[in-house]
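Here the structure comes first, spelled out in structure tokens, and everything after it is commentary.
Read-outs: derived from the displayed coordinates by stated rules, not from any lab. Just so you know, these numbers come straight off a predicted model, no measurement behind them. Ideal geometry is used to build each Cβ from the backbone, glycine not excepted, and the neighbour counts take in all protein chains shown.
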Amino acid sequence: MDDGLLVDPVTPWRNWSRAESSTPAYRARPTSIDEVVAVVAAARERGLTVKAVGAGHSFTDIAATIGVLVDVGAIDGLLHVDAERHRATLGAGTNLYQLPALLDPHGLALENMGDIDRQTIAGATSTGTHGTGARFRGLAAQIVGMLLVTADGRLLRIDEEHNPELLPAARLGLGALGIVVEVTLQCVPSFLLRAVEHPEAFDAVLDTFEQRAVEADHFEFYYWPHTDVVMTRTNTRLPADAAHKGPGAVSNWVEERLMQNGALGVKSALGSVIPRWTPAINRFATRVYGDREFTDVSYDVFTSPRTVRFRESEYALPRPAIAQALRDIRGLIDRQGWRIGFPIEVRVAAPDDNWLSTAYQRESGYIAIHQYWREDHLPYFRAVDKLLRSYDGRPHWGKIHFQDAAELSGRYPRFADFRALRDRLDPDRVFANPYLDRVLGK
């Protein structure tokens, strides 16, 4: 059936990691806010649920639906710039990789970013995407205004002047409160980052982890299982007009495309076929890449291409718990005899006041585990999930985890308030799906 807005799907929907899929009854790709309103109305007339989807880069089934799948990708671009206050209003479907071309001409940049830029701005903020930096908050905390289409087809504006009390809930709303169609971000003046990447000893880095995380603007590291080495990255913020020299096109291609992706793909494929080779391959990997220093524009340093498909789980812990938790994971891998080819990523973030933020009112550290997409990730992910719960771990909403509403309600002081707001804005559960039923309750 095709009424101009709702179109019968040709193929099932799948997320980027190929871990989740669903077959919606209809698909829609609105090109305006009015069309989003019309899609919600058409879905309600048919008694169907509605789920918005962006790039599909969430590793969970948060966007899966058997109702109407609404692709917001056509609602994109820069809508307005407030140069005096360094603010930019964007269409919800704007991909993060579009931001440099949109913001740089105005001398603006995001305060912080994660290392993947494929997501839409609405998808990234709605699931709690963050970067690293003990003084810097996640992307959702940078939102100062937004526009939602609610379950009854109304437009709900939320900013400092309109419904400001809803901002801490709506900025990171999991798609449960409405379809985000516009986002206003508090940006900063454009800046450079000096990146220092260097392999170091596992114990030496963990013993000084908190100090290094606090002293650096942006600190993170990757631990390669079956080795005694971590690959550290320290980024220092510099003015946009500082003298600098980038990594060079050839050397950057060798490091990011050939080594970080090409070599990783080959070794992951080999490790999945011949697991006993994995430890030796990991030890070789720590010797051949990740040792360099360069300065470049912020978004080119924050983000890196990711062409090897994988699955991911990530937990936020109280920052002082990170070192011991990682040692526990290392011991778990050794005891189980697993062969893990992907590195474990460790980052930090500043506290914020978003009700469902993994960094809500807590100095946080993050441990992210990965597995090649053709391997069975569940035994590894379930075991780490169980381990990190004991550290009061909060799972990243957009990454694979196994907690439900009963357990999550104890992790977030404002969990009941968020559920109450959901009851108010979507009492009929127009935006529900199995994922939200599990993590928020029905």
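Quick look at the numbers
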quantity	calculated
Taking the stretch 16-68 and dividing mean pair separation by its residue count, relative contact order in percent (alpha carbons under 8 Å, at least six apart)	56 percent
Selection from 108, 151, 185, by position along the positive dipole direction of the stretch 78-189 (Cβ)	151
For Cα extents along the principal axes in Å, calculated from these coordinates, the label among (i) 77, 46, 44; (ii) 68, 55, 45; (iii) 59, 50, 41	(iii)
Gyration tensor (alpha-carbon) shape descriptor, the stretch 11-79, a/c threshold 1.5	oblate
Helix-only CD estimate at 222 nm, as mean residue ellipticity for the chain, using -39500 (n - 2.57) per DSSP H run (n ≥ 4)	-7500 deg cm²/dmol
Listed residues 173, 77, 337, most fluctuating in the chain (Gaussian network, C-alpha, under 10 Å)	337
Contour minus Cα-Cα distance for residue 335 and residue 162 (0.36 nm per residue)	56.8 nm
Inter-probe distance in nm under a simple model that places probes 7 Å from Cα toward Cβ, at residue 291 and residue 7	5.2 nm
For the stretch 78-189, size of Cβ-based charge dipole, Lys and Arg +1, Asp and Glu -1, in debye	200 debye
C-alpha long axis of helix 378-389 to longest principal axis of the chain, angle in °	90 degrees
Degrees, to the nearest 10: 278-288 long Cα axis against longest axis of the chain	80 degrees
Only Lys, Arg (+1) and Asp, Glu (-1) charged, at Cβ; the stretch 148-243 dipole about Cα centre in debye	320 debye
Cα lying deepest toward the dipole's positive end in the chain, options 342, 226, 30, charges on Cβ	226
Lysine-lysine proximity count for the chain, Cα under 23 Å, sequence distance 8 or more or distinct chains	4
Fraction of alpha-carbon pairs over 19 Å apart in the stretch 78-189 - percent	39 percent
Rounded tilt (10° steps) of 415-425 against the dominant C-alpha axis of the chain	30 degrees
The chain - charge dipole about Cα centre, Lys and Arg +1 at Cβ, Asp and Glu -1, debye rounded to 20	1280 debye
Relative packing of peptides 416-422, 356-362, 159-165 - highest average C-beta neighbours within 10 Å first	356-362, 416-422, 159-165
